[in-house]
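The values are calculated or read from the model by the stated rules, or taken from the named source; none is laboratory data. Just so we're clear, the structure is a prediction, and the values are computed from it rather than from any experiment. Cβ coordinates were reconstructed from backbone atoms using ideal geometry, including for glycine residues, and neighbour counts include every protein chain displayed.
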Amino acid sequence: MANADPIVDVADLWMSFPGKQPDQPVHVLERVGLQVRHGEFVCIVGPSGCGKSTLLNVLGGFLGETRGTARVEGAPVRGPDPGRIFVFQENGVFPWLTVEQNVGFGLWQRSAAERDERVRHYIAMVGLQGFERSYPRELSGGMRQRVEIARALAANARVLFMDEPFGALDFLTRLKMRQDLVRIWQSENKTVLFVTHDIEEAVQLADRVLVMSKRPATIQAEVVIDLPRPRDLDSPGYLAARDRIFSIMGMDAHGGGVS
Amino acid sequence: MSASPSRAGIGQGRLAAFALPIGTIALLLVGWHVAVVASGSDLFPKPLDVLAGLVELVEKGLLLKYVVASLFRVTWGFGLAVLVGVPLGLVLGWWRPAFLALNPVIQALRPISPIAWIPVAILWFGIADAAPIFLIFLASVFPITVSSMAGVQNMQQVYLRAAQNFGMRGVPLFRRVILPAALPQILTGIRIALGVAWLVVVAAEMIAVNSGLGYLIIDARNAGKRYDLVVAGMVMIGSIGLVLDLLVRRLERIDSVRWGYGQR
Ligand SMILES: Nc1ncnc2c1ncn2[C@@H]1O[C@H](COP(=O)(O)OP(=O)(O)OP(=O)(O)O)[C@@H](O)[C@H]1O
Ligand SMILES: [Mg+2]
């Protein structure tokens, strides 16, 4: 494996949506450039509506860029790929399938035995034992989100694109899911690109945090989080990194604005 | 009103589910009886006259024969409409060129009442069973096609993206994602279409054939103003329509489609 080549390589990427008037497109991304190396955990933070989901959807192959190139695993993105699994911000769990059918969905080409084994493992990981035969409408929002995460992990992709995957979870579940994700990432050698609006979450998880600006968005700053894991949330390094990102985004850590 | 067990109370129990509609029907029957007696009409039947008419039809062996004849035509016409309408609607919803080519034609044919097709049906099929079957097919194929099409078009994009992300394409994508995502709307179309089919068979039988519940009504009126039999025919039509609707509604409670009908 050529670890030196970046897994995600974006240079001068532009993206706009057709606006209300045909001659006034909505510019969402401008001159975005970023690289993610093999095995890296990178978080993207930025204000709501700045284009984080748009960027991730371009990388996932669901949206075409307007200008520039997005290369993932060495080739320009042409469409979705089972080796790179997306966790959607709007829940993408299939309502007509049970929990176990959903979690096993990405394994539809594998043998039943292998599928059952992995499904059981990841259902246990996200703490949904006892709900294997339940339908999504019988679950809470946070439980549905855990089904989606289990489905993405069970598919054993090389790259995970996660769009605010823990947004709907309660505090404790979120902490546990973060630990699990870091553990899987470390043990299974995955590359993760993770969008969140939660700066603390980004600093707890990432090797590097990319801060996006307001729309039309670009990568405004990069903060390297060079802290050992598991991370001590009271350590000076953690607090310094957090406050740095807060101030880049125009806030101080206590919620006030910077003039 | 919701019938969720957590809010079971007055008007929400199992008993109420039977008692309320039966009470309504009993009231209507009494009102009907009183109204006929009060008006002094000797042509319009009282409820008990209708019951006697039904008994007479059973004894002559006509009731079952006519019901079977009507249901036979509905089964064929409606069955063909499902076989044509569901695949056609799925293709139209999925493949835009097909939609652009066919949708205007469909929308133009849809508002033409099946009754307006009766002369054409007789011209093409004579007065054999094929004519009413054709009319039922025509009446039910459009609701099924349009709702299947809408089911695909309204599918949430995230389901499609998730499935494509897992490498699904072609037939598996259609069978495992697009069809189940559209199924609740397809079933709604089927329910509407079955109601329309039942409506149309009676109308068609009044003109084109010599058996069935529609025929019974026209025949009873023409051969001696037997209004008790006319109303008996109407009662049978209504009752069978009710049963058909209840049967299709059961389909909507199947686990893999229930998500599509709101939180009930
Ligand atoms: N399909 C679309 N058509 C037109 N405009 C769009 C479309 N999708 C997104 N946008 C616009 O692009 C901008 C960025 O949207 P995006 O969903 O990427 O934001 P985001 O950073 O993920 O926000 P959030 O944190 O709230 O999820 C928004 O201003 C939105 O209005
Ligand atoms: Mg977003």
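The residues in the stretch A:177-228 that are surrounded by 15 or more Cβ atoms within 10 Å (Cβ to Cβ), modelled with pLDDT under 90 and farther than 24 Å from A:ASP9 by Cα can be counted, and the count is 2. Taking every residue in the stretch B:155-174 that is over 20 Å from B:VAL257 (Cβ atoms) and within 8 Å of chain A (Cβ to nearest Cβ) and pairing it with any residue that is in a helix (DSSP H, G or I) and of a type in the set (Val, Ile, Thr), at least 6 positions away or on another chain, the pairs with Cβ-Cβ distances below 8 Å are B:MET168/B:VAL177. For the stretch A:60-85, filtered to residues that are buried (at least 20 other Cβ atoms within 10 Å of the Cβ) and more than 12 Å from chain B (Cβ to nearest Cβ), the residue that is farthest from A:ALA157 (Cα to Cα) is A:GLU65. Considering A:VAL147, A:VAL195, A:VAL126, A:VAL119, which residue is away from ligand 1 (no atom under 16 Å from the Cβ), under 25 Å from A:LEU63 (Cα atoms) and in contact with a helix residue (DSSP H, G or I) (Cβ under 8 Å, 6 or more places away or on another chain)? That would be A:VAL147, the only listed residue that is away from ligand 1 (no atom under 16 Å from the Cβ), under 25 Å from A:LEU63 (Cα atoms) and in contact with a helix residue (DSSP H, G or I) (Cβ under 8 Å, 6 or more places away or on another chain). Scanning the stretch B:215-264 for residues being within 22 Å of B:PRO184 (Cβ to Cβ) and either in contact with a helix residue (DSSP H, G or I) (Cβ under 6 Å, 6 or more places away or on another chain) or within 14 Å of another protein chain (Cβ to nearest Cβ) (or both) gives a total of 16.
Filter the helices (runs of 4 or more DSSP H) completely within the stretch B:56-152 down to those with at least 1 residues that are touching a Leu at 6+ places or on another chain (Cβ under 6 Å), crowded, with 17+ Cβ neighbours inside 10 Å and not hydrophobic (A, V, I, L, M, F, W, C).
B:62-94
Of the residues that make up the stretch B:138-151, is at least one within 14 Å of chain A (Cβ to nearest Cβ) and under 30 Å from A:PHE62 (Cα atoms)? Within the stretch B:138-151, one or more residues are within 14 Å of chain A (Cβ to nearest Cβ) and under 30 Å from A:PHE62 (Cα atoms).
Per-residue answers, yes or no, for (1) in a helix (DSSP H, G or I); (2) aromatic (Phe, Trp, Tyr); (3) within 14 Å of A:GLY46 (Cα to Cα):
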| position | (1), (2), (3) |
| --- | --- |
| A:LYS176 | yes, no, no |
| A:GLN179 | yes, no, no |
| A:GLN186 | yes, no, no |
| A:ALA202 | yes, no, yes |
| A:LYS214 | no, no, yes |
| A:VAL223 | no, no, yes |
| A:ARG242 | yes, no, yes |
| A:SER247 | yes, no, yes |
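A:VAL42 passes every criterion in (1) buried (at least 21 other Cβ atoms within 10 Å of the Cβ); (2) within 13 Å of ligand 2 (Cβ to nearest atom); (3) of a type in the set (A, V, I, L, M, F, W, C) apart from (2). Of the helices (runs of 4 or more DSSP H) contained entirely in the stretch A:86-165, those carrying at least 3 residues that are buried (at least 18 other Cβ atoms within 10 Å of the Cβ), within 13 Å of chain B (Cβ to nearest Cβ) and free of Cβ contacts under 8 Å to residues at least 60 places away in the same chain fall at A:99-103, A:141-154. Only one of the numbered conditions (1) in contact (Cβ under 8 Å) with a residue 40 or more places away in the chain; (2) within 9 Å of ligand 1 (Cβ to nearest atom) is not met by A:ALA11, and that is (2). You will find that of A:GLY39, A:GLY46, A:GLY33, the residue that is closer than 25 Å to A:LEU205 by Cα, more than 9 Å from ligand 1 (Cβ to nearest atom) and within 16 Å of the chain's Cα centre (by Cα) is A:GLY39 and no other.
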